[in-house]
1. Can you give me the long-range amide H partners of residue 44? Hydrogens built in the peptide plane at 1.01 Å from N, cutoff under 5 Å, separation of 5 or more residues or another chain.
2. What residue among 60, 134, 82 has its Cα farthest toward the positive end of the dipole of the chain, where the charges are +1 on Lys, Arg and -1 on Asp, Glu, each on the Cβ?
3. At a probe radius of 1.4 Å, what is the per-residue accessible area of residue 2, in Å² to the nearest 10?
4. Helix-only mean residue ellipticity at 222 nm, the chain, DSSP H runs n ≥ 4 weighted -39,500 (n - 2.57), per residue, nearest 500. What is it?
5. Ordering 15, 88, 73 by how much accessible area each has at a 1.4 Å probe, largest first, what is the list?
6. Which cross-chain or sequence-distant (5 or more) residues have an amide H under 5 Å from the amide H of residue 92, H modelled 1.01 Å from N in plane?
7. State whether the chain is rounded, prolate or oblate according to the following rule on the C-alpha gyration tensor (a ≥ b ≥ c being the square roots of its eigenvalues): a/c under 1.5 gives rounded; otherwise a/b larger than b/c gives prolate, and the remaining case gives oblate.
8. If you place +1 on the Cβ of every Lys and Arg, -1 on the Cβ of every Asp and Glu, and leave all else neutral, what size is the dipole of the stretch 24-147 about its Cα centre, to the nearest 20 Debye?
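The values are calculated or read from the model by the stated rules, or taken from the named source; none is laboratory data. Keep in mind the model is a prediction, meaning the values are calculated, not measured. Backbone-built Cβ (ideal geometry, glycine too); neighbour counts: all protein chains shown. Each accessible area value is taken on the protein alone, full model and side chains, heavy atoms only, with ligands, DNA and RNA left out. Shrake-Rupley method; radii C 1.70, N 1.55, O 1.52, S 1.80 Å.
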Amino acid sequence: ELWRSEIAKSGLSVKTPIIWDKGNWTAGDLTGDYGNQCEVIIFAHKGRHIIQHRWSNLWQVRREVAGEHPTPKPVALMAKCILNSTHKGDVVCDPFMGSGTTGVAAVMNGRGFIGMEIEKKYFDISCRRIEAAQRQQTFFSDMEAGA
């Protein structure tokens, strides 16, 4: 409940949490804990926020295999959040950028992006991934424009 009070102090309203069903569970403590198959996404906002679609709060998106980051989030999951809560041209901020998945999803869907990451290794991975997504978007935009 500490997170709820800290979010409230910032002036945000906590809404219904989104449960991300990863489709399979993580390894973790194999003999002393249950396999974690879901994560909670805290949906909070300032003022009145209108979402694009009213979906169930149980989202089934298969988790990605760990690669350069131990707990990567799927681009499809972050894109679903972004597409339902923002419009083209909006700016998405991720203060815990990790390997840059939110930034990739933002760029691929016509949003600006601001990200922060304290681990230089992950910051560098994020920059590489987001720049690649930007190049891909520019390529497809040029193709559509006939360039």
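1. 15
2. 82
3. 120 Å²
4. Numbers: 4 runs with 53 residues, N = 147.
Computed ellipticity for the chain at 222 nm equals -11500 deg cm²/dmol.
5. On the way: 15 90, 88 160, 73 60 Å².
So, going from the largest accessible area down, we get 88, 15, 73.
6. The answer is 112, 113, 114.
7. Numbers: a/c = 1.68, a/b = 1.24, b/c = 1.35.
Judged from the Cα gyration tensor, the chain comes out oblate (a/c at least 1.5, b/c at or above a/b).
8. On the way: 14 positive and 13 negative charges, 85 e Å.
Taking the Cα centre of the stretch 24-147 as origin, the dipole is about 400 debye.
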